[in-house]
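The structure appears right after this line, and notes come after that.
The values are calculated or read from the model by the stated rules, or taken from the named source; none is laboratory data. Source: prediction; values computed, not measured. A quick note on method: Cβ atoms are made from the backbone with ideal geometry, for glycine too, and the neighbour counts reach across all protein chains shown. For accessibility, only protein heavy atoms count, side chains too; no ligands or nucleic acids. Shrake-Rupley method; radii C 1.70, N 1.55, O 1.52, S 1.80 Å.
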Amino acid sequence: MVLCLVKGMMVVFLTGLGVVGNIFILMNYMCLFRSTMKSAHLILIHLAFTNILTLLTGGMPRTISSFGLRSLIDDIACKTVIYLNRVARGLYISTTSLLTLVQTITISPRASRWRRLQPRSAWSILPLLLFFWILNSLISMNLPFYIKNINRMNTSQIISNYNHCYFQSQNWIIRWLFIALMVLRDAVLQGVMGLASGYMVFLLHKHHQHVLYLQTSKLLYKIPPEMKAAQSVLLLLLCFLFFYWTDCFMALYVTFSLEKHFIEVSALEFVDLGYAILSSFLLIHKDGHLTKCWPAQ
């Protein structure tokens, strides 16, 4: 009981911290977007929004469960919360991939093939973001049919749990079909991330060599803001990959463990929220101009 209360307080603190950080990012990039109209800023606005959705749908139910208030969550709430959480997780994967691609295009030389993919304006990104919403909504559309509140189920029907909500047995063909779609989505998006980030590292290395040459020649050189932004995006990508793969390996370990220990399950839940919490503070730390936006206005 004491461990559950401690876990609940930690979830409340970390979720609140992450929501505040992402709201700060959301408001500041909205402020910057009005003056710059850059595609990357619009994508970061969407990323902050999806992080807030991830934290609210992931953190609040765990808090309710930790404090023993499961009666507050009914069947409809279970379906809605888990469905939105799964959609939000797919969205931040998709948005991070798009951000990496757009930033790579931005710093590419004009003669590069990457430049052909450059969006004509920031608003041309909107159809892609809408496509991500539709895609991730469809990939998760099977969940509401198999999620039930614990109070409406028999113990024999339960195959896995999400604190207060449980997954009911389902047709194995449908189950593996949707799992295959999620794996395919993640593989394609991470393949795009890999190609874009590899080329970005190459460009940053060339730029670093150029800066060293100018320094040895005693020439002054100001680092372009696009290069600073690329470094921030690369750090954000590393943060995403760390939490994504840590979550995958821990989820597999917990799933196939004979006994579900409280500490292991709780650690998995915290890792599940890690990227949505930490990514906002990485952006605040790397992009110092954010704090100057409101005074400028």
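Residues being closer than 15 Å to residue 100 by Cα, in contact with a Gly (Cβ under 9 Å, 6 or more places away or on another chain) and either touching a residue at least 12 places away in the same chain (Cβ under 8 Å) or of a type in the set (A, V, I, L, M) (or both) are represented in region 236-247 by at least one member.
Taking residue 92, is it within 21 Å of residue 190 (Cβ to Cβ), open to solvent by 10 Å² or more (accessible area, probe 1.4 Å) and in contact (Cβ under 8 Å) with a residue 60 or more places away in the chain? Talk me through it step by step, then tell me what you get.
On the way: within 21 Å of residue 190 (Cβ to Cβ): yes; open to solvent by 10 Å² or more (accessible area, probe 1.4 Å): yes; in contact (Cβ under 8 Å) with a residue 60 or more places away in the chain: yes.
Judged against the criteria, residue 92 is a match.
Consider residue 10 carefully, then state whether it is open to solvent by 60 Å² or more (accessible area, probe 1.4 Å), touching a Phe, Trp or Tyr at 6+ places or on another chain (Cβ under 8 Å) and either under 28 Å from residue 148 (Cβ atoms) or basic (Lys, Arg) (or both).
It is true that residue 10 is open to solvent by 60 Å² or more (accessible area, probe 1.4 Å), touching a Phe, Trp or Tyr at 6+ places or on another chain (Cβ under 8 Å) and either under 28 Å from residue 148 (Cβ atoms) or basic (Lys, Arg) (or both).
Yes/no matrix, rows are residues, columns are (1) out of contact with any Ser or Thr (no Cβ under 7 Å at 6 or more places or on another chain); (2) at pLDDT 80 or above; (3) open to solvent by 40 Å² or more (accessible area, probe 1.4 Å); (4) part of a helix (DSSP H, G or I):
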| position | (1), (2), (3), (4) |
| --- | --- |
| 218 | yes, no, yes, no |
| 226 | no, no, yes, yes |
| 233 | no, yes, no, yes |
| 239 | no, yes, no, yes |
| 269 | yes, yes, no, yes |
| 281 | yes, yes, yes, yes |
| 290 | yes, no, no, yes |
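Restricted to region 26-62, and to residues that are of a type in the set (Val, Ile, Thr) and open to solvent by less than 20 Å² (accessible area, probe 1.4 Å), which residue is nearest to residue 83 (Cα to Cα)?
First pass over region 26-62, keeping only residues of a type in the set (Val, Ile, Thr): 36, 43, 45, 50, 52, 54, 57.
If we keep only those that are open to solvent by less than 20 Å² (accessible area, probe 1.4 Å) as well, we get 43, 50, 54, 57.
Numbers: 43: 23, 50: 13, 54: 11, 57: 9 Å.
Of everything passing the filter in region 26-62, 57 is nearest to residue 83 (Cα to Cα).
If you check 114, 123 for being out of contact with any helix residue (DSSP H, G or I) (no Cβ under 7 Å at 6 or more places or on another chain), assigned to a helix (DSSP H, G or I) and surrounded by fewer than 23 Cβ atoms within 10 Å (Cβ to Cβ), only one passes: 123.
Could you pull out the residue among 16, 21, 8, 59 that is assigned to a helix (DSSP H, G or I), more than 25 Å from residue 283 (Cβ to Cβ) and small (Gly, Ala, Ser)? Before you say what the answer is, go through the steps one by one.
Working: 16 fails: more than 25 Å from residue 283 (Cβ to Cβ); 21 fails: more than 25 Å from residue 283 (Cβ to Cβ); 59 fails: more than 25 Å from residue 283 (Cβ to Cβ).
Result of the check over 16, 21, 8, 59: 8.
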